[in-house]
């Protein structure tokens, strides 16, 4: 991939569509570039040429006498193609198309965008947009603010990509108010060329970028995202807000897996599996960014609260515990230190309530003591200003204590409003300040997930010896016969070919064969329709269980055959006969091809657990052995597999093995839209684990 | 109860401990009273008398020549008793004790507080505090700000009670910044006399109070709270933050019910059952207050979003849907209206994205159209400022549209920071403005719960004919024998006495009797220890199930007897014999006496549902028939009772009846700390529902 330096590190910029008329985008962009003191040459381009904003203007980019690295295009959409062509001719390396009127309006706009992309590719340019808010690079050697907003981003280590222009503007303003510093910013608009993935990768190697924030509405290429994000998050935190939940997943799906996927499981699974922190709002995104931009990631989940007010201390405790953080009690050592230095009415516990009279000395002793204790990985000072205490003194005390430690501080200044001198002081020293303790709890919980991700084993992607040819043939045969679903013998054979244990079966085409099969298997038996294929087998009463003798069997066989009715030409009626399994725990392994994320793999306990309690886990594929393991353990009903009430614990390796083999299967074949292996019986007894029934939906 | 007018509507106030020294509470209180222009006489009291803050001071309240209605006391704790006595003597009607050093410091402080209460009661005064932040009444006829904070509360319809002084200060400041108007404010401190309940009741009859906000750390008298709150919420909204979750509930409890209660179920059940909205933070409390203070409660859960920016519209949609709100599609009528008036690139859906160019006209047409449609009960305008649009114009358009309708508006102005001129305009016109759309979603969800509460049937509290004498005797007998747990025959007899169907049983004291009983009952049978009583029956293997013949029975009987070992004097070994029930669904009815809320009643499905899935519902008692009904239906596993997979649906009236009878039982007897009726078998077949086993823990 070509580097995006052509976009973010130009030495000369042409603003095509520049204007002097106030309240126009063409004026604002030019003005912002000048006002932000772009460290290079600016060439306004406007059909009327002349002088714009005190700078000589040219009628086209081709008239510019110097080389042009980057062009910002704000002309009406119908003129964009011609302008882009001229840029190509001029040798411009990058363009940022602000103009709207492309794919987002549908119809002709889609075509226009396709044409634009062709021109860009042909000229070997890179393009941001169209329909975007612009780009920023705060690097003092560049100083480029090519947006049309009011914010003047301060330099810092945050890079931000936004898929919404309006949010982009809001984000820069908000960052300004929170005193956050940015490295680069990019509003990607319609992502016709440069995508979030490109930026994530580019910023991975950008030394000034410490953390990447993303506002996403869609994943263009989730596989590439996963690959890049997995690498990036090893060293740099990535935080994302992903909106626009995929209601598609929940739509009239024809299998359990489909119905269970519902909104958003794909996004959650994907972000979680590549270590990207996800927040549920822009506000939380900034809360997390505020911490990560200048404080280290804590080494554990132990929190010490030091407060001068009881109520907020309790609120913080509630919120932290609810978010899964820990508040270890004060150690004897800490208590000793504190007892000597604090007034007797201070009760020595965590949260440590220094009471309203606490001043610089008390805060200093308390903060130093908890910083020195290895049980605490994060320090949360809470301050509500009493009239007798100067907030600046407390802020300074917190700053001093923070300097002496490698533990992150998250401070709550409550009741002084959105901004106060003490808060400003803290922010200037890189200490995040929050107005409410709940924001601190959520922030820490999000960051703690990332810490756990960094610590967890990365896992392997084993490859099994399988028989692909068998599966190829079965798929081909079913497609040939016009069937979109594979059931019965074929379905079990696919599993067998991929080494997944299946319950033995015999095919019978008539009553006599069925009776013969049953006598070999031994009653009770299960009889299922093998062909012709009907999708909803259970509803169609195409599965008959617990058949106890020859008489029952004959009657059920005839009933089933009658129910299926007249067969089409070439179809042959047959049934699968299996032993009735009464031991073990029913589980379900499923696959759903998500329109955005590709195949998701699902695991859960069968019956009521999947149907009523919806207790299932999803992961994106390919699946590693470690993720297969935590997928199983993440179920609420996991204790049922783990020796509940004295039963034999299940050998989890057998389930993991099956999940990994299914992951390989869907990697090998992209024809599967949905898979249900239901039930996959597991048991404490080795050799008793097997798939009893399966169904594949193919495209 | 004496009215609290003596506190909130004084005509003369003495500030005892008044001072001219800056940064003292005695100075700040006096200063605030003067600065807020208290509409009555102020008398500074200070041992040194003289002049304080330009007002003649007196050495004690007894020296004040005029009558004194209210005294604000800020002297050191050791002087408070004497000062209070003087107030009593002077005929002061109310005192507000700001001074700390009472119950909150333990030991001598507790005693001091008890003495203080005695003085207050004896003099028939009412007291707020001690250890509080003060009181406010914004009524123009009173104008009392007797706090030592910086805020100058504006008049409005919110009354606020805070159990934390520090939060009280923060709350008044925050309210100021959000332009919220207060009627009264009270920091209750240690609640030695005036409690949150008193205030809730007082404000119920205060015409200026439209909504009550509460920050609570404990319920002094939950029963009284319930009684008052149920009345108040019929006409005035009450919103509460309750912190300090009761970890006690989860503490080493000896029953299922106890272990499941965990943190906070009592608070949730209590607030929910009396229509009090609960928010999880002070921030959310204000978000809700902002809406309720001047906008009506919506008539339904349909929301229309009108936005000029796609991204924030999507964020709002996600958040609203996640919170259970609905976004109905645009009707044909609305579409017609919009199509005629809006540019063609606007896609006509909900959220309605007017695109960035939208100005006054577009917003006006869109807002009027959705206001006129009965599918929408709440209107959410979202505005992100483009450079070409004046935010004040849009604010005015929103204000105009809001005036014409009875539907509430919740506005999001994103990216202009915490405050902007447009936001100020909206707030001045009583329209709540939020910076992020997620806050709007949470607010609407909270208010929608209240709407549903107001609409739901209130329910009856039936009284059943029961046999109290039997229960009295059983309790007495067990207490006499030193037993804290009632099991076996006694436990089943209690249920029988309260009309709850039980599985028939026979008592056997030796092997021969057991065999005789079994032959009458019919195998398989269940045998349980009857006495002596061992708490953890299952763990102690004191329940033997599925005994199939005489031989097995004799062997189990001997084994059980042997296991119990040597008996104490007066104890007699016996067993309860019952038929083994294999049909029906196992449920559990439980009771837990919460230290704060009194008895909570629990219901859930048995076995894994209660033990692993923790799928249980709690309610406070007494229980009404309607709450019993929604308690059962609130279970995630409810479909299993409702005809799952073609099984007969359970007659819910039988479960409801049992729950209501247990509610009556614990109303009649306060000796029960915990009750487990496990299993209570329910079935589609009438007459098959019965309690099989029960255990009562008594005090």
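The values are calculated or read from the model by the stated rules, or taken from the named source; none is laboratory data. From a predicted model like this one, the values you see are computed outputs, not experimental measurements. Backbone-built Cβ (ideal geometry, glycine too); neighbour counts: all protein chains shown.
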Quick test of your reading of the structure: residue B:349 fulfils all but one of (1) free of Cβ contacts under 8 Å to residues at least 60 places away in the same chain; (2) surrounded by fewer than 23 Cβ atoms within 10 Å (Cβ to Cβ); (3) more than 14 Å from chain A (Cβ to nearest Cβ). Name the failing condition by number. (3)
Filter the stretch A:274-286 for residues that are crowded, with 23+ Cβ neighbours inside 10 Å and either free of Cβ contacts under 8 Å to residues at least 24 places away in the same chain or part of a helix (DSSP H, G or I) (or both) and give the result. A:282, A:285, A:286
Just give me the residues in the stretch B:408-428 being under 31 Å from the mean Cα position of the chain (by Cα) and surrounded by fewer than 22 Cβ atoms within 10 Å (Cβ to Cβ), in sequence order. B:418, B:427
For the stretch B:150-166, what are the residues that are buried (at least 22 other Cβ atoms within 10 Å of the Cβ) and touching a strand residue (DSSP E or B) at 6+ places or on another chain (Cβ under 8 Å)? B:153, B:158, B:159, B:160, B:161, B:162, B:163, B:164, B:165, B:166
Within the stretch A:664-699, residues assigned to a helix (DSSP H, G or I) and touching a helix residue (DSSP H, G or I) at 6+ places or on another chain (Cβ under 8 Å) come out as A:665, A:668
In the stretch B:197-226, how many are outside any loop (DSSP other than H, G, I, E, B), away from every other protein chain (no Cβ under 14 Å) and free of Cβ contacts under 8 Å to residues at least 60 places away in the same chain? 7
Can you name the residue in the stretch B:299-322 that is more than 8 Å from chain A (Cβ to nearest Cβ) and more than 24 Å from residue B:451 (Cβ to Cβ) and is also surrounded by the fewest Cβ atoms within 10 Å (Cβ to Cβ) among such residues? B:313
When restricted to B:21, B:103, B:85, the only residue in contact (Cβ under 8 Å) with a residue 40 or more places away in the chain, over 29 Å from residue B:141 (Cβ atoms) and in contact with a helix residue (DSSP H, G or I) (Cβ under 7 Å, 6 or more places away or on another chain) is B:103
Just wondering, is there one or more residues in the stretch B:412-421 that are part of a helix (DSSP H, G or I), over 24 Å from residue B:326 (Cα atoms) and outside the structural domain of residue B:280 (by TED's automatic domain parsing)? yes
Hey, does the stretch A:242-252 have a residue that's within 14 Å of chain B (Cβ to nearest Cβ), under 13 Å from the mean Cα position of the chain (by Cα), crowded, with 22+ Cβ neighbours inside 10 Å and modelled with pLDDT under 90? yes
Would you say residue B:379 is at pLDDT 95 or above, more than 14 Å from chain A (Cβ to nearest Cβ), out of contact with any strand residue (DSSP E or B) (no Cβ under 6 Å at 6 or more places or on another chain) and within 22 Å of residue B:287 (Cβ to Cβ)? no
Scope the stretch A:613-637; condition within 10 Å of chain B (Cβ to nearest Cβ), surrounded by fewer than 19 Cβ atoms within 10 Å (Cβ to Cβ) and in contact with a helix residue (DSSP H, G or I) (Cβ under 7 Å, 6 or more places away or on another chain); matching residues: A:614
Of B:150, B:236, the only residue that is within 14 Å of chain A (Cβ to nearest Cβ) and not in a helix (DSSP H, G or I) is B:150
Residue under evaluation residue A:29, criteria (1) surrounded by 13 or more Cβ atoms within 10 Å (Cβ to Cβ); (2) part of a loop (DSSP other than H, G, I, E, B), criterion not met: (2)
Does residue B:113 meet the test of being at pLDDT 95 or above and within 25 Å of residue A:310 (Cβ to Cβ)? yes
Residues in the stretch B:105-118 that are buried (at least 18 other Cβ atoms within 10 Å of the Cβ) and either within 14 Å of chain A (Cβ to nearest Cβ) or not in a helix (DSSP H, G or I) (or both) total 3
One residue is enough: does the stretch B:122-137 have a residue meeting the conditions within 31 Å of the chain's Cα centre (by Cα), over 30 Å from residue B:175 (Cα atoms) and at pLDDT 95 or above? yes
Which residue, of B:71, B:49, B:100, B:84, is touching a strand residue (DSSP E or B) at 6+ places or on another chain (Cβ under 9 Å) and assigned to a loop (DSSP other than H, G, I, E, B)? B:49
Can you tell me which of B:340, B:356 is surrounded by fewer than 24 Cβ atoms within 10 Å (Cβ to Cβ), out of contact with any strand residue (DSSP E or B) (no Cβ under 7 Å at 6 or more places or on another chain) and free of Cβ contacts under 8 Å to residues at least 24 places away in the same chain? B:340
Name the residues in the stretch B:644-662 that are farther than 16 Å from residue B:688 by Cα and either at pLDDT 95 or above or not in a helix (DSSP H, G or I) (or both), would you? B:659, B:660, B:661, B:662
